[in-house]
Amino acid sequence: MTELERLLKAKIPGERTGIEIKHSLCAICSPGHHCGLDCYVKDGVILKVEGTPDHPYNRGKICSKGVNNRQYVYRADRIRTPLRRVGERGEGKFEPVSWEEAYKIIGEKLNAVKAQYGPQAVAFFSGYYSSHLSIAGVRALKERGGKVIIVDPRITPAVKNLADIHLQINPGTDGALALGMAKIIIENGWADMDFIKKYTHGYEQYAQYVKQFGLEKVASICGLDPAGIMEATRIFATNGPAAINQSASTMVHFINGFQAFRAILCLSALTGNFDQPGGNFPNPPTYLHKPAGFTTREHEFYTCKKPEGQRRIAEGKFPVWDLMCDEFQAMDLARQIIEGTPYPVKAIFGLGMNVKMFPATDKLLEAIKQLDFFVDADLFMSQTAKYADIVLPSCSSLERSEFKAYQGGYAVLTKPVIEPLYESKPDTDILCELARSMKLGDEMLEKGYEACIDWIIDGCGLTVADLKKHDMPVPVPAAKPVQPGQYLAKGCKTPTGKFEFYSETLARFTKDCGLEPLPVYSDPLADENSDDMRRDYPFLLSTGVRVPNTIHSRLHEVPWARSLRPDPCCEINREDAAALGIAEGDDVALYNRHGEIRVKAKLTRKIKRGQIFMVHGYTEANVNLLIGEKHLDPYSGYPGFKGARCNIRKLSGVGE
């Protein structure tokens, strides 16, 4: 082997090898956390990816998902051209068409729906925003002598490596724990009464309500040792400053999740840690819900200007959602398509729409069959795309330019490291080109993505032209870190201008909707607690369990990621498995009144008896089929993915 061959095999960049390092970002994870990537490129082909060493966000590190970027981009099943359906919906039979023809068909169909049913009959569906905790930050806290309390029904690597106290709680009982901790704090004189008197509203009603959550009662509800609850409360309340990090997806994926989230946040105000140094303080988002210390006009840009009197999908069913969110509550989409009330939905334009993220997936697919027209843009022929009339090929983040804001006051506009594969395009280009094709008269969209970003960041001290001079995130002149105390000084965005233990907003809906202004606790299985349900489905099913090698269904078909977990499997406590005659790797059926799936059994001691946990997103074993479409939080409309009843049985043969 020659020296050049050795250099090429090792993928060493330089003039001799012709390998360049091009900077980009990893978009596999949630939009709030895109790590910097070094892409090694030769002759327009990505050879490998690594973390960017001097990137201000990830400092050269990438996770087990990020290393899959190359295989993700070059998956063999990439959609290569625009496609038009020629078979029945769901068959996956398509023929190629040009972009011009695709745009023409889309424009004609959407305009026809608009003309017959009104603009509200066309629904647009795109991605989501999320956030997660920085484990590196928690490690730094421990190195400085801080204490870490983790509340989690599973024994995770974070529990093993970081927790001083682990409260292995029964899923969905976090609200009861928070209320019980509040009672202990108040009774022991650990509440910050000066803070409460100055900055909060409704303390008296709240303090009266938590009296019913005695230590023994809470321990029974949560499945915890009373001594552990007491010690965790003491550490939290008497060793301030103290901060609470709540996983947004975990907490809200119970039918009692909204109020549980409130109950936990109330602990921060009760102890005077809300909007204080070292505590929890509001940090307004800059872009894609990521706080970066400067403001943009993102919200003004994406907020639809609906005609007066027009209602959103599910409007009125979930009052809190209506008040807090600009988009429609998608959990009511299938019902509205089928029933047509309060108005018909006849067309959907989807961007990466993933039906496997919905409860009762089968019912949503049946609803989609009833649409007059359905468009889906995606990189791959997903289960959703097979139902579309027109499928458009999107490209990955490594094939497009993308604006991103980072904590610490940084921003970047990435450059494509390779040209879009085949005939794929960025989603933003698709939308802008479609706007031109349909002659919508939207000046900004017709100018394109960069013009939109320029408008969004106007006033930040940077322009797209400035950002294009750099390959890496640069400091934003207008960035100023949010200082603790600023939010309370200006007044909370509540009717009283204070932190509300008793929500005056929710009080408006008590009479008509039954919503409670206090952070009340309710059973996470309240709608599945009949004697028959308890008997027939004795296990608590928690879907959407996070594992290091994938997120949702995005990497299930990527070889490296799939090799780490080849088969869909559910976690079951070893003692439960033994009682049912189930061994490691056995084929089992998970089932309830909504459906049944076949998976492998994974035996563990990391969860308690009576509980089953499973990763979601598998087409061949879609666990969200077992979540009912009405198993929803009445405040937010979110489904109870992480708390539903099920049963499990061992399968004896292939045909069973």
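For segment 232-249, enumerate the residues that are outside any loop (DSSP other than H, G, I, E, B) and either over 30 Å from Asn283 (Cα atoms) or of a type in the set (S, T, N, Q) (or both).
Passing the criteria: Thr233, Thr238, Ser249.
Answer with yes or no whether Leu431 is in the same structural domain as Gly350 (by TED's automatic domain parsing), of a type outside the set (S, T, N, Q) and under 28 Å from the mean Cα position of the chain (by Cα). So Leu431 fits the description; yes. Taking the criterion of being among the hydroxyl-bearing types (Ser, Thr, Tyr), surrounded by fewer than 19 Cβ atoms within 10 Å (Cβ to Cβ) and not assigned by TED's automatic domain parsing to the domain that holds Lys197, would at least one residue in segment 523-530 satisfy it? The answer is yes, given that some residue of segment 523-530 is among the hydroxyl-bearing types (Ser, Thr, Tyr), surrounded by fewer than 19 Cβ atoms within 10 Å (Cβ to Cβ) and not assigned by TED's automatic domain parsing to the domain that holds Lys197. Taking segment 1-60 and the strands (runs of 3 or more DSSP E) fully enclosed by it, the elements with 3 or more residues that are touching a Ser or Thr at 6+ places or on another chain (Cβ under 8 Å) are at 20-25, 36-42.
Only strands (runs of 3 or more DSSP E) whose full extent lies in segment 541-656 are considered here, and the ones with at least 3 residues that are touching a residue at least 60 places away in the same chain (Cβ under 8 Å), in contact with a helix residue (DSSP H, G or I) (Cβ under 9 Å, 6 or more places away or on another chain) and not basic (Lys, Arg) are 611-614, 644-650. Residues Gly223, Gly240: which one is more than 21 Å from Gly643 (Cα to Cα) and small (Gly, Ala, Ser)? None of the others qualify; the one that does is Gly240. Being of a type in the set (A, V, I, L, M), crowded, with 21+ Cβ neighbours inside 10 Å and over 30 Å from Tyr57 (Cβ atoms) holds for only one residue in Ile235, Ile229, and it is Ile229.
For segment 342-384, taking the residues that are of a type in the set (Ser, Thr, Tyr) and either closer than 24 Å to Pro119 by Cβ or not assigned by TED's automatic domain parsing to the domain that holds Ile105 (or both), the one that is modelled with the highest pLDDT is identified as Thr384. Of all the helices (runs of 4 or more DSSP H) wholly in segment 397-467, which have at least 3 residues that are in contact (Cβ under 8 Å) with a residue 24 or more places away in the chain? Answer list for segment 397-467: 427-437, 449-456.
Report the residue count in segment 499-512 for those that are assigned to a helix (DSSP H, G or I), buried (at least 16 other Cβ atoms within 10 Å of the Cβ) and in contact (Cβ under 8 Å) with a residue 12 or more places away in the chain.
Number satisfying all stated conditions: 2.
Specify the residue that is farthest from Ala237 (Cα to Cα); the eligible residues are those in segment 170-187 that are crowded, with 21+ Cβ neighbours inside 10 Å and of a type in the set (A, V, I, L, M, F, W, C). Ranking the candidates gives Ala176 first.
Return the residue satisfying two criteria in turn: it lies in segment 474-498 and is among the polar types (S, T, N, Q) and within 18 Å of Arg508 (Cα to Cα), and of such residues it is surrounded by the most Cβ atoms within 10 Å (Cβ to Cβ). My answer is Thr496.
The values are calculated or read from the model by the stated rules, or taken from the named source; none is laboratory data. Quantities reported herein were computed from a predicted structural model and do not represent experimental measurements. For neighbour counting, all protein chains shown are included, and Cβ atoms are generated from backbone atoms with ideal geometry for every residue, glycine included.
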